[in-house]
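The values are calculated or read from the model by the stated rules, or taken from the named source; none is laboratory data. Owing to the predicted nature of the structure, the values given are computational and were not obtained by experimental measurement. Note: ideal-geometry Cβ built from the backbone for every residue, glycine included; neighbour counts use all protein chains shown. Heavy atoms of the whole protein, side chains included, go into the accessibility calculation; ligands, DNA and RNA do not. Shrake-Rupley method; radii C 1.70, N 1.55, O 1.52, S 1.80 Å.
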Amino acid sequence: MTIGLIIIGDEILSGRRVDQHFPKVVQLLAARGLQLNWAEVLADDPERITATLKRTFASDDIVFCCGGIGATPDDHTRLAAANALGLPLVMHEQGKINIQQRILQMGQDAGQQVDLNSAENLHRLKMAEFAQGAALIPNPYNNIAGFSLHKHYFVPGFPVMAWPMIEWVLDHHYADLFNREPRLEQSVLVYEAAESALTPLMVELEARYPRVKVFSLPSVGDANTRRHIELGVKGEAVQTATAFIQLCAELKKLRVEFSNT
């Protein structure tokens, strides 16, 4: 099982907005015993979005896509998803009803008469145009739905909408995957050692324990910490615990100084 995240928006790449989706999705997955395997940030470029989705649709990955499903000229995700699959863009009737209900509610709250056939309100219905066969993802914030296609889940760029929608997808479609395999991560700080000197040990551990990944995070140190490498193992709990014991034993043989993190 592989889980990916696509974040769409010029404002992220230009620095006008700081992305919040990546750390939150990592958190939402970790709370359910899952992990993110890859992430990409794309500009509001319809050709690039289409090409990326064509590639990810061809995989078996579970993909969350944030942004670009509105009805303004820079929102290309709905059409790009349809084009990537070679499907027509069609009006989703329940999605249309949801939008109309939202428009009426907004008018009622403002004490105004609403014309559902006005140019402005008809344009809003574009947010219910999805690739043929798409299913809705409920939006608890304003009832304007996202959509899903082939294990891809498209939600707005607004965190207040996107995050509960992603949680809904996880809890309603993938609960059987939650906490399926207990995971463990353990590490030590290795001081004043060259990373190249530790590489053979890292290679040996990954070869011996196929369900474990070894990681190495060098640091030049600061006023409070000497130069060090955070060296650790993560993965399936039993193998990781065993690999960590061997890691510590081999470091002692190498006569390098280390301490627990």
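For beta carbons closer than 7 Å, sequence separation of 6+ or different chains, a first residue in region 225-238 that is closer than 23 Å to Glu257 by Cβ and a second that is surrounded by 14 or more Cβ atoms within 10 Å (Cβ to Cβ) and of a type in the set (Asp, Glu), the qualifying pairs are Gly232/Glu185; Lys234/Glu185. Cβ-Cβ under 6 Å, sequence separation 6+ or interchain: first residue in region 199-215 and under 19 Å from Glu185 (Cβ atoms), partner open to solvent by less than 40 Å² (accessible area, probe 1.4 Å) and among the hydroxyl-bearing types (Ser, Thr, Tyr). Which pairs? Within 6 Å, the pairs are Val212/Thr240. Selection of region 155-186 for residues being among the small types (Gly, Ala, Ser) and open to solvent by 10 Å² or more (accessible area, probe 1.4 Å) yields Gly157, Ala175.
Which residue is surrounded by the most Cβ atoms within 10 Å (Cβ to Cβ), if the candidates are limited to region 140-154 and must be over 12 Å from Thr77 (Cβ atoms) and touching a residue at least 40 places away in the same chain (Cβ under 8 Å)?
So the residue we want is Ala145.
Within the set of pairs 6 or more residues apart or between chains, which connect a residue that is surrounded by fewer than 15 Cβ atoms within 10 Å (Cβ to Cβ) inside region 1-25 to a residue that is part of a helix (DSSP H, G or I) with Cβ atoms less than 9 Å apart? If the second residue must be part of a helix (DSSP H, G or I), the pairs left are Met1/Leu177; Arg16/Asp10; Arg17/Glu11; Val18/Ile12.
Residue-level analysis places Asn83 outside the set of residues that are of a type in the set (S, T, N, Q), closer than 29 Å to Thr2 by Cα and open to solvent by less than 10 Å² (accessible area, probe 1.4 Å).
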